[in-house]
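The values are calculated or read from the model by the stated rules, or taken from the named source; none is laboratory data. All values derive from a computational prediction rather than experimental measurement. Cβ coordinates were reconstructed from backbone atoms using ideal geometry, including for glycine residues, and neighbour counts include every protein chain displayed. Remember, those area values only see protein heavy atoms, side chains included, never the ligands or the DNA or RNA. Shrake-Rupley method; radii C 1.70, N 1.55, O 1.52, S 1.80 Å.
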Amino acid sequence: MAVVDVNNLVKKYGPIEAVNGISFSINRGEIFGLIGPNGAGKTTTLRVLSTLLKITSGSIKIMEFDLQKEPDEVRKIISYLPEDAGAYKNLSGRKYLEFIANFFQQKNPQQMVSRGIEIANLGERIDDKVDTYSKGMMRKLLVGRAIMTEPKLAILDEPTSGLDVNNAQEIRRLVKSTARAGTTVLLSSHNMLEVEFMCDRIALISNGKIVEEGTPSNLMQKYNAKNIEEVFTQVVK
Amino acid sequence: MSALGNILKKEARELMTPTTFIPIILIAIMFGTLGNAFGNIEEEMQEKPVIGIINSDEGNLSFITTSIIQNYSDVVFKSNNISEKEKGLEELKDKEGVALLIIPSDFSERILNNIPSEIEINWIMKGAGILDSISSSVVENLVYIINRNLSIELISTNATVNATIALNPTYRNDTTYFKGRELKGVSPGDITNILSSQSTLIPIVMMMVIIMAGSTVISSMALEKENKTLETLLTLPVNRISIVAGKIIASAIIGLILAVIYMIGYSNFLGSFEISGQINIIDLGLYLSPSDFLLLGLSVFVTLIAALSFCMLLGTMAKNYKSAQTLTFPVTLLALIPMFITMFKDFDTLPIALKALLFGIPFSHPMMAPRALLFDDYLLVISGIIYVAIFAIIMIILAVWVFKTDRLLTGSVRRKKKGRSLFKLK
């Protein structure tokens, strides 16, 4: 069963067409990657899917919910991690996770918070103020926040952007284990090697259009390429 | 260009923005407009007061008194019959008069018999603002001149009176008619003094609360954007109304705490408002009943909600903390204008245009409410509460609408001429 079904999605900002009629679907437990250069329409697509932006035309279904008609229901089953997200600086990491968990589990949020703390893996620093965190620590906290709710769909925009190798690897490992546990993941990245390593299927997006879609191995075979970067170069040539 | 010149040019270009100049220009315009609206105080001080006289005495001293009054004022009602007092008061009210002076039949005789004589002053008070009492102070000065001239007359004619009477031959007996009430034993100056704590304290407290709580809301929205927490918040399972309401209520609570702190700080000052010198405001009926306090509280509450809803709407336009500082300016201006107007003028004595402006600014109403309630002007207070509540509802609906659109996260799309467009993302 498809968890995400995007059909002919168009998103315009005034006269600018950021997304131009894209369609794709993602199955349960799948990691689906949207890859493309800056300004290709990746973030806009993710923002539309996470109910932040209105659809200009087309339709999106997440599980059984129509995103346009039932955005409140969609918000209960998704989790969105923006590329440059932050957290409330006057809160500690733990308090931030508690704040978020209260929206999902009003009666007993502690179990969710414990899961978030475990995923973030910040040790004793979880009780320090977010203001004192490094970029890597902040990202780990936010990944913990995004995954602790056990969403049906996790939407991750450039999840490892700006991180060092160790932190990036840790987050990739977390994302993969989350998908194995049944969460469907939609992520965007301009790091094509990362996507090749993580994703079950990918869609190459350029100028608001999906120009190619498939599993990394199939695409590399189709274009006789050594990696996805070469595939992309050939596709957009 | 030299390095210094280069830096100067860059700094000047950064500082010379509309956000730097517009607030100052608007404040200058505001003060200029208010100054013109209030009129020229100096001219008003020099203007002859419009008064009426009833002189029942035929003695020389009353003749001197009426002569001085006629020289220094514009007498629109004259009579020698004390029973025409009501008629005189009506005529003065019609002709925008300030006071009806009554000289009793034994005026001269009492003074010459070493007994101070009464000048009965029936004041027609129009407003309790600081500037409203100018014309009455001109009349008070006139009474001083009368006293002094009578002293000169008594001394120069070697009248057989003692020194005390020679120096103070008359005394005043004041009665003030204000907003349908007859207030015996007090002059407009006394009433203005009694109400001055309200005239200054309440508008200042309201202004401070609106600005502080308002800037909290605007900053809160700006910080959500600057710290990149807004996107996450908007994707959580919480409806937009709850987000808007949560921010407004939290800021309202902070605002009310601030108001309480201010009120405690001024408690002694408020205490002095209860009894002002020898004048007991309870005797004059100048106190608020429990139902008046309820209406005042309601006025403050709806205004705070209206202010915060307005600020929430402004906050959605804030790109970052710095731009939030600029966005607090309209709120500050809308709090300052009614504060100044209500401090200096009574609503009833304002020109129509200023009345409309004052009523239109939602923050004015709790500033005007205490005085209006003291004089039973419930129409102004209740209509104000209804107006501000409607304003607040409209602002909340607009804020929720903005939260439901893309506008909160994306910038505006401006079309350039010749079909070119400029897209701005925040």
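This table checks each residue for (1) under 13 Å from the mean Cα position of the chain (by Cα); (2) of a type in the set (K, R); (3) at pLDDT 85 or above.
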position	(1), (2), (3)
B:L327	no, no, no
B:V331	no, no, yes
B:A335	yes, no, yes
B:D348	yes, no, no
B:A353	no, no, yes
B:A356	no, no, yes
B:F359	yes, no, yes
B:L374	no, no, no
B:G384	no, no, yes
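When you look at B:I282, is it loosely packed, with under 14 Cβ neighbours inside 10 Å and either under 22 Å from A:Y88 (Cβ atoms) or modelled with pLDDT under 80 (or both), yes or no? Against the criterion (loosely packed, with under 14 Cβ neighbours inside 10 Å and either under 22 Å from A:Y88 (Cβ atoms) or modelled with pLDDT under 80 (or both)), B:I282 qualifies. Taking the condition within 14 Å of chain B (Cβ to nearest Cβ), in contact with a strand residue (DSSP E or B) (Cβ under 7 Å, 6 or more places away or on another chain), surrounded by fewer than 16 Cβ atoms within 10 Å (Cβ to Cβ) and at positive phi, does A:G41 pass? Against the criterion (within 14 Å of chain B (Cβ to nearest Cβ), in contact with a strand residue (DSSP E or B) (Cβ under 7 Å, 6 or more places away or on another chain), surrounded by fewer than 16 Cβ atoms within 10 Å (Cβ to Cβ) and at positive phi), A:G41 does not qualify. Filter the stretch B:382-395 down to the residues that are open to solvent by less than 10 Å² (accessible area, probe 1.4 Å) and among the hydrophobic types (A, V, I, L, M, F, W, C), then identify the one that is nearest to B:V300 (Cα to Cα). Selected residue: B:V388. Where strands (runs of 3 or more DSSP E) fall wholly inside the stretch A:133-237, the ranges with 2 or more residues that are open to solvent by 50 Å² or more (accessible area, probe 1.4 Å) are A:209-214. Cβ-Cβ contacts under 7 Å between residues 6 or more apart (or on different chains), taken from a first residue in the stretch B:58-72 that is in contact (Cβ under 8 Å) with a residue 60 or more places away in the chain and open to solvent by 20 Å² or more (accessible area, probe 1.4 Å) to a second residue that is not small (G, A, S) and not in a loop (DSSP other than H, G, I, E, B), are listed as B:I64/B:N149; B:I64/B:L150; B:I64/B:E153; B:Y72/B:L142; B:Y72/B:I145.
Taken over the stretch A:74-98, the residue count meeting the criterion of being more than 7 Å from chain B (Cβ to nearest Cβ), of a type in the set (S, T, Y) and open to solvent by 10 Å² or more (accessible area, probe 1.4 Å) is 1. Of B:I111, B:I121, all but one fail to be under 38 Å from the mean Cα position of the chain (by Cα), surrounded by 17 or more Cβ atoms within 10 Å (Cβ to Cβ) and outside any loop (DSSP other than H, G, I, E, B); the exception is B:I121.
In this structure, A:E150 does not satisfy being touching a helix residue (DSSP H, G or I) at 6+ places or on another chain (Cβ under 9 Å) and under 19 Å from A:L34 (Cα atoms). Residues in the stretch B:73-87 that are within 21 Å of B:Y171 (Cβ to Cβ) and open to solvent by less than 20 Å² (accessible area, probe 1.4 Å): B:S73 only.
When the stretch A:1-49 is filtered for residues that are out of contact with any helix residue (DSSP H, G or I) (no Cβ under 8 Å at 6 or more places or on another chain), farther than 22 Å from B:T232 by Cβ, among the hydrophobic types (A, V, I, L, M, F, W, C) and in contact (Cβ under 8 Å) with a residue 24 or more places away in the chain, the ones remaining, listed by number, are A:M1, A:A2, A:V10, A:F24, A:A40.
Counting only helices (runs of 4 or more DSSP H) that sit completely within the stretch B:172-277, those holding 2 or more residues that are in contact with a helix residue (DSSP H, G or I) (Cβ under 9 Å, 6 or more places away or on another chain), at pLDDT 85 or above and more than 14 Å from chain A (Cβ to nearest Cβ) correspond to B:188-226, B:240-265.
Got at least one residue in the stretch B:130-141 being open to solvent by less than 30 Å² (accessible area, probe 1.4 Å), not in a helix (DSSP H, G or I) and not assigned by TED's automatic domain parsing to the domain that holds B:T349? There is no residue in the stretch B:130-141 that is open to solvent by less than 30 Å² (accessible area, probe 1.4 Å), not in a helix (DSSP H, G or I) and not assigned by TED's automatic domain parsing to the domain that holds B:T349.
The single residue among B:I257, B:I241 that is within 26 Å of the chain's Cα centre (by Cα), surrounded by fewer than 16 Cβ atoms within 10 Å (Cβ to Cβ) and either in the same structural domain as B:I102 (by TED's automatic domain parsing) or under 22 Å from B:T303 (Cα atoms) (or both) turns out to be B:I257. Could you tell me whether the stretch B:338-346 includes any residue that is touching a Gly at 6+ places or on another chain (Cβ under 9 Å), acidic (D, E) and surrounded by fewer than 18 Cβ atoms within 10 Å (Cβ to Cβ)? No. Out of all the residues in the stretch A:26-38, is one or more within 14 Å of chain B (Cβ to nearest Cβ), at pLDDT below 95 and farther than 24 Å from A:M148 by Cβ? Yes, the conditions are met somewhere in the stretch A:26-38. For the stretch A:99-120, residues that are within 14 Å of chain B (Cβ to nearest Cβ) and part of a helix (DSSP H, G or I) total 8.
Looking across the stretch B:177-204, the residues that are farther than 30 Å from B:L92 by Cα and either without any contact (Cβ under 8 Å) to a residue 12 or more places away in the chain or open to solvent by less than 10 Å² (accessible area, probe 1.4 Å) (or both) come down to B:L201, B:P203.
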